[in-house]
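Read through the structure below, which is laid out as structure tokens, and then see the notes.
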Amino acid sequence: MNQARSKEHSFPSPIPGVPMLLLGIAAFPLAIYCFVLAIQHGRNGTGDVARFVISGIALILSGILILIGLTLVNPNQSKAVLLFGRYRGTIRSSGFFWVNPFTVRRLVSLRAHNFNSEKLKVNDHGGNPIEIGAVVVWRVRDTAQAIFDVEDFESYVEVQTESALRTLAANHAYDASEEHPDVTSLRGSGEIVAKELMTELTERLAMAGIEVLEARLAHLAYAPEIAGAMLQRQQAQAIIAARTKIVDGAVGMVEMALDRLSQRGVIELDEERKAAMVQNLMVVLCSERGTQPVVNAGTIYP
């Protein structure tokens, strides 16, 4: 059975606090005056001494209750008011107010909070162990839900953020594969992953009356036990990509050289000479080190 969610509503017209503060302070001098009158009448044997004593005690108790009922609400903060276990409303307006002194007032900050999660060690979609962490910016949207529907809403944000990160990592690979370069990955699709994380957190934190303002990955790396192997893999992929580009460029240059020699009639090459020239040019263009020229004074052809 699902528990009914609480709902915030405004506290009905809190009384301004300054007049009540003055009234509460004034009660103490009046109480002292009553005690003085009680002493004077007691010495003279006139008047009702008990009446003045009771009045003084009543004024002291009234002053204490008035001062207890004073409450201060700072900007971007709120006070949830409870009376005998019942929720009476939330004061969101900043200022100095007076409420029933028998109420309990719980402070709830409405300011934006930054939560930087710890680095979690999880497995990605491919089963590779990775380290992942996130930064979440959040604030309280509904004070009643934050107080009454969860035990500790700040701890709730931390736990649900870690759970959302584990779910996100399990749904995506750390990096896109060569076979599927367009697949959403944690490293290559930062904006998409951030939106998914924010959507996941918004759904999870709705129960606590929490609004997610921003969520993004703050740390992403392979776990130490496979970081070396993955680095070698990335280096190998980079070397292969670079070599592929070099070879493609060399082939184009050789083709262009043969075409220009043929068009300008500089030299006529048979298939064997073309093959030798192609071989020499490919060695020059694709070699990692600078090539040493060899001067041939004669010819190998009759």
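The values are calculated or read from the model by the stated rules, or taken from the named source; none is laboratory data. If you're wondering where the values come from, they're calculated on a predicted model, not measured in any experiment. Cβ sites come from the backbone with ideal geometry, for glycine too, and all protein chains shown count toward neighbours.
Points worth noting:
- The single condition from (1) within 20 Å of A215 (Cβ to Cβ); (2) touching a Pro at 6+ places or on another chain (Cβ under 6 Å); (3) of a type outside the set (D, E, K, R) that A112 fails is (2).
- Put simply, of G188, G133 the only residue that is without any contact (Cβ under 8 Å) to a residue 60 or more places away in the chain, over 30 Å from L72 (Cβ atoms) and not in a helix (DSSP H, G or I) is G188.
- Residues located in the range 49-92, provided they are assigned to a helix (DSSP H, G or I), aliphatic (A, V, I, L, M) and crowded, with 19+ Cβ neighbours inside 10 Å: L59, I66
- Options R86, R111, R105, R92: the member that is touching a helix residue (DSSP H, G or I) at 6+ places or on another chain (Cβ under 9 Å) and of a type in the set (D, E, K, R): R92
- Test: residue in the range 136-153 that is in a helix (DSSP H, G or I) and at pLDDT below 90: no
- Residues within the range 10-42 that are surrounded by 12 or more Cβ atoms within 10 Å (Cβ to Cβ) and part of a loop (DSSP other than H, G, I, E, B), tallied: 2
- Filtering the range 191-211 to residues that are acidic (D, E) and in a helix (DSSP H, G or I) leaves E191, E196, E200, E203.
- Among the residues making up the range 205-224, those that are surrounded by fewer than 19 Cβ atoms within 10 Å (Cβ to Cβ), among the aliphatic types (A, V, I, L, M) and within 21 Å of Y156 (Cβ to Cβ) are A206, M207, L213, A218.
- Qualifying residue in the range 111-130 (condition: in contact with a Ser or Thr (Cβ under 7 Å, 6 or more places away or on another chain), hydroxyl-bearing (S, T, Y) and not in a loop (DSSP other than H, G, I, E, B)): no
- Contact map, the range 205-224: residues that are closer than 17 Å to A170 by Cβ paired with residues that are among the polar types (S, T, N, Q) and surrounded by 14 or more Cβ atoms within 10 Å (Cβ to Cβ), Cβ distance under 7 Å, separation 6+ or inter-chain. Pairs shown: Y222/N128.
- For the range 56-100, filtering for residues that are farther than 22 Å from P19 by Cβ and among the hydroxyl-bearing types (S, T, Y) leaves 3.
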